[in-house]
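*Asks:* Take this structure, written in structure tokens, and hold onto it; I'll ask about it next.
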Amino acid sequence: MKLNIVPARQGAQWVKEGILTFFRQPIALTGLFLMFMAIVSLLSLLPWIGGLVGLIFVPAASLGLMAAAQEANAGKFPRPLTLLSAFRVSKQKSQQMLLLGLLYMLGFLLLLGLSALMDNGSFAKVYLVGGTLTKESVMQGDFQRAIWLALLLYIPFSSLFWHASALVHWHGIGIAKSMFFSSVACFSNWRAFVIYSMTWISVFALMAVLLGLLSSGTDDADWVGELMLPFLLVLGSMFFTSAFFSFRDSFSNDPHLGLSRAARAVHPINHCPIVAQSLLNLHSIPISDGRQLGNRQSEPLHTVPWKINLCPSVTRETLQRQYAAFTEFIVKHALPHPHPIVGKT
């Protein structure tokens with residue numbers, strides 16, 4: 001696994017790819033998001049602990065929606081059981097996902113507890129237990145400060161879990177490491193995530209403006225209000241679909257091929273077609289000391305500091321180090337020549 005640092009504009013690309021992928025399977029992705037909301041709503045009906053149990057399910061459901069986005073991006077039709085992908089791999093993965101959900105719940109309770117210092121718990125009570133929000137209560141300064149504090153605290157809190165469930169599911173990383181790597185990835189790519197957040201805020205604001213214009217242009221605004229739920233379902237589905245692309249571009253086993261088309265466009269390797277072609281041939285060419293590269297017939301490979309071993313018993317870390325050494329060698333020794341090739345055996 002490798003952490004990729006992407007350009008800031010990649011945040012807008014994530015939103016674009018999420019929207020385009022949604023329209024490949026709009027019914028399936030909207031249906032899965034509706035199932036997610038329905039499950040959380042049903043769990044919240046449980047007395048006292050309903051809201052807490054719903055929070056435990058959030059990381060697993062987020063992973064299910066990302067898995068659905070992956071299938072839709074590959075041209076497949078996401079089935080309902082895709083939402084439960086986190087619990088269909090192994091018993092160990094299921095336990096890890098439940099523990100991750102438990103940590104998410106405890107962290108969220110701590111966040112609400114800190115916000116309660118501002119308004120004596122009014123906002124936390126409304127969020128967890130429910131209740132009626134009046135205009136007077138919302139306009140109170142203490143209540144608004146509690147909301148803003150909760151939002152500010154949620155930014156670093158969410159970074160711990162943004163990629164965590166996907167790292168546990170697809171890369172087999174432990175819970176503590178997955179949360180650590182998730183936060184590192186989010187803060188390393190903070191510029192892209194700022195653009196990502198601003199783009200989504202703009203999309204939701206555009207929806208609000210559109211509905212406002214529709215309601216102002218008619219005498220009966222009730223039907224416009226009924227459009228709010230379908231719009232939110234669609235935008236929510238698009239949002240979780242785009243989250244998959246933020247994970248895909250932030251982590252990859254291969255630092256070049258794991259990136260999206262837009263991210264690959266700014267990758268250094270892309271500026272050297274010789275390197276790109278050599279990397280494509282890497283796994284099919286057995287190379288050892290003493291072989292020769294292209295038209296550098298006077299310089300055998302044992303005179304330069306690199307080796308590559310394609311023995312299947314080597315570890316992934318060894319191959320990654322050899323991959324980096326091979327790339328460095330190509331850049332240093334092949335670039336001055338217009339048509340270097342690797343001699344095959």
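Taken together, the values in this text are just the output of simple stated rules run on the coordinates, not laboratory data. On a predicted model such as this, the values are computed, not experimentally measured, just so you know. Neighbour counts run over all protein chains shown; Cβ positions are idealised from the backbone, glycine included.
*Asks:* Give the long-range amide H neighbours of Phe251: residues separated by 5 or more places, or on another chain, with amide H under 5 Å away, using H modelled in the peptide plane at 1.01 Å from N.
*Replies:* Placed amide hydrogens put Asn4 under 5 Å from Phe251.
*Asks:* Taking the number of other C-beta atoms within 10 Å as the exposure measure, put Val184, Val6, Val40 in order starting with the fewest.
*Replies:* Ordered from fewest to most neighbouring Cβ atoms within 10 Å, Val184, Val6, Val40 come out as Val184, Val40, Val6.
*Asks:* For the range 60-199, what is the charge dipole size about the Cα centre, in debye to the nearest 20, if Lys and Arg each add +1 at the Cβ and Asp and Glu each add -1 at the Cβ? Numbers along the way, then the final one.
*Replies:* Working: 10 positive and 4 negative charges, 100 e Å.
The calculation lands at about 480 debye.
*Asks:* At 0.36 nm per residue, minus the direct Cα-Cα distance, what do Tyr127 and Leu81 gain on full extension? Give it in nm, one decimal, please.
*Replies:* 13.7 nm
*Asks:* Determine, for Thr134, Thr30, the number of other Cβ atoms within 10 Å of each Cβ, and report the residues in order from fewest to most.
*Replies:* Going from least to most buried by this count: Thr134, Thr30.
*Asks:* For Asp249, Asp142, Asp119, what's the fewest-to-most ordering of other Cβ within 10 Å of each Cβ?
*Replies:* In increasing order of surrounding Cβ atoms, one gets Asp142, Asp119, Asp249.
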